[in-house]
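The values are calculated or read from the model by the stated rules, or taken from the named source; none is laboratory data. From a predicted model like this one, the values you see are computed outputs, not experimental measurements. For neighbour counting, all protein chains shown are included, and Cβ atoms are generated from backbone atoms with ideal geometry for every residue, glycine included. Ligands, DNA and RNA are stripped out before the accessible areas are found, and what is left, the full protein with its side chains, is counted by its heavy atoms. Shrake-Rupley method; radii C 1.70, N 1.55, O 1.52, S 1.80 Å.
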Amino acid sequence: MFLSQWLTISVVLMGLGISGQISSYTSTENDLTAESGQTVSGSFEYNMIYTINITNISTSSRALMLQAIALDNEVTISLDGNFSDDATTTGNSTGVVAILPSIDLGNPTGFLSFFNVSSDNNNCTCNRSQTVVITTIELNTHQPIPGGCNSVHTADIYPNLDPTSHDKMVEVKFSQANIGYSFGEPEPVCDVDSKHRNSLIYDIYVTFLQKNLKILSCSTDSQCGETDADFVDVIKMGSNINPVTSAKKITTLTQKQKSRFYLSRVRNNAAAFLYVNVRDPVYQTSSLYVPLLIVGDSPTLQYSYQVVLYVLLVVFMMLGLLLCLAGHRLFPFELFMFGALFILLICSIVLEVLQTTLKIEAKLGTASGFAVVGGLLLVSLWWRFDCGVYCSLIVGLVGGFLFASIVFVTPLINVTLFRNQLAYMMTFICFNLAYVLFLTLLSPHRQCIVTSSFVGSYIIVGLLGSGVFFNSVTSEIVMFTVWRFSVTNFANAIIVYPFFTIDKILISVWGVLFLIGCVTQFLLQKSRPNFPSSPYKCNTLQCNEAPHDVVVNVSNDDVRSVSTIASSGCVSLTSENYDGDISEHDDMVGSDDDSAEMDDTDTHHLVQ
């Protein structure tokens, strides 16, 4: 197929040209030379054509895979200089596989070229550069050939992972691999030899990058040429040919799932490498598809909107702090907050299920409006009917929702059983009710104190990790649950998330705030009624928050002191002789003559 003393690889970076030194390359204008099996990186300019010569290829290699990973625009790689459809691929993380000739001439030979497409910056006329990492991997006898059973792409062999962004998740497709074969053997036919093809196993690995990668736009000439300084270091992780030792295995695809899986979206300003490792259990060999670089969205706001957003988040964090430290002491405020949160969760799920065409601002406004109404409604119920104990159930349900959400951001969510939506919902409800019943049986007012500290402290760390101040998984604990209940196919998505230093710090802060809130609220509630009386009840009854002595005149000769106070602190003043002037009753206290004149059937309640 390809005859020469080395494998010649022509690199055309339409939009890329060499700038400065490139590691492990010997450069003569646009002609580059690299050794097989090495990972190299370089800064290339646009609108230039390059050729890479690969040397020192092992004579035992059956195929050679070349992959290129770029941060910004897409890179197109081709097996021929004409970039024909059956030998060309395009993407940020893309590669090709060249089957080497069966004739041993000391070194197999070949020809390969690729170029960069400035697809989203067509109007950029400035002289930009971009960093690209190039890796060559040799495939030996009996190693599975990634994408060898390609039935999707026009290329004969397609070793790439094709991502498709959906709402809140990414769908990844790839062509099935083919079993490896030795020199001189006939190439297996994928459509016929299904027995061997189905014996291959696909393991999915992921590695999160702790660097903040940003896709830079070329909106002005002053921005042109900017690249992330850390890109070269972190992008080399994509060349890792043994992710088993350094990456996290998230799943193994079953027979029905082969060639497709869903992944939850990577949070803002985060990035991850996704690996698919195909194993042949018969020959005990394996090989990698081209690693896929997934960069999280980085939405930008105008300065005026940023100021408003910062102010709103600070206000909500202060409300969360007040709820954490003194929620039950300020019982109407506690009811308003939890009534609003309860309705907010319901509205968020309903709006996602309806999949309305409303903009994000309209959705937030609608949900916020209903949340305020829900908070006022819960406060009104307590004010009119004095049902503080029953209102505490709403408080417990919100806390139980957060507790169950925490349980399901653990690896438990990826258990096959919970792919079933009914099994997931029933288990989620059980965790929620277990939280409510356990704390309520201890004491309803203790349940309110613990829950207000629990939820209030989460509001603080959740808003801190929302991407405005920091990026943390804490902000997505509840959102994973909302998406699971509302987004189509999210039940099939593999839930993965980075766990960096900032995540550990915010979770520690969450725990400290929770403990401080519990201690503070228990101290504030000491010697106070468990649930204060409603103002409506106290309008008809004289209410006191502390116990009082009540003198009851039961006869002319017997006056006894009785300490009677309800938990609400209200004392009934319904004596039939009471006319609203307490001074008359004061005159009666201590007067034997007046007491003697009283009728024995009259009963007077005098408050000292």
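Structure notes:
- Residues satisfying the stated conditions in the stretch 322-368, i.e. outside any helix (DSSP H, G or I) and out of contact with any Phe, Trp or Tyr (no Cβ under 8 Å at 6 or more places or on another chain): 328, 329, 330, 355, 356, 357, 358, 359
- Unique residue being at pLDDT below 50, part of a helix (DSSP H, G or I) and not basic (Lys, Arg) when the list is 579, 503, 587, 557: 587
- As a summary of the residue check, residue 392 satisfies the conditions (1) modelled with pLDDT under 95; (2) closer than 22 Å to residue 488 by Cα except for the one numbered (2).
- Out of 427, 488, sole residue that is among the β-branched types (Val, Ile, Thr), farther than 28 Å from residue 326 by Cβ and in a loop (DSSP other than H, G, I, E, B): 488
- Among the residues of the stretch 135-162, the ones that are assigned to a strand (DSSP E or B) and either under 16 Å from residue 190 (Cα atoms) or open to solvent by less than 50 Å² (accessible area, probe 1.4 Å) (or both) come to 11 in all.
- Some residue of the stretch 431-446 being surrounded by fewer than 18 Cβ atoms within 10 Å (Cβ to Cβ) and small (Gly, Ala, Ser): yes
- Test for residue 290: is it modelled with pLDDT of 90 or more, assigned to a strand (DSSP E or B), of a type in the set (A, V, I, L, M, F, W, C) and open to solvent by less than 30 Å² (accessible area, probe 1.4 Å): no
- Any hit, the stretch 434-448, residues being in a helix (DSSP H, G or I), within 17 Å of residue 318 (Cα to Cα), in contact with a helix residue (DSSP H, G or I) (Cβ under 8 Å, 6 or more places away or on another chain) and of a type outside the set (Asp, Glu): no
- Just one of the listed residues (379, 455, 409) is of a type outside the set (D, E, K, R), outside any helix (DSSP H, G or I) and in contact (Cβ under 8 Å) with a residue 40 or more places away in the chain, and it is 409.
- Criterion (open to solvent by less than 50 Å² (accessible area, probe 1.4 Å) and out of contact with any Cys (no Cβ under 9 Å at 6 or more places or on another chain)) met by exactly one of 165, 182, 175: 182
- Qualifying residue in the stretch 365-374 (condition: open to solvent by 40 Å² or more (accessible area, probe 1.4 Å), closer than 16 Å to residue 448 by Cβ and more than 23 Å from the chain's Cα centre (by Cα)): no
- Options 468, 461, 478; residue that is farther than 26 Å from residue 205 by Cα, open to solvent by less than 60 Å² (accessible area, probe 1.4 Å) and assigned to a helix (DSSP H, G or I): 461
- The stretch 351-363 - residue that is touching a Ser or Thr at 6+ places or on another chain (Cβ under 8 Å) and surrounded by fewer than 17 Cβ atoms within 10 Å (Cβ to Cβ) and, of those, modelled with the lowest pLDDT: 358
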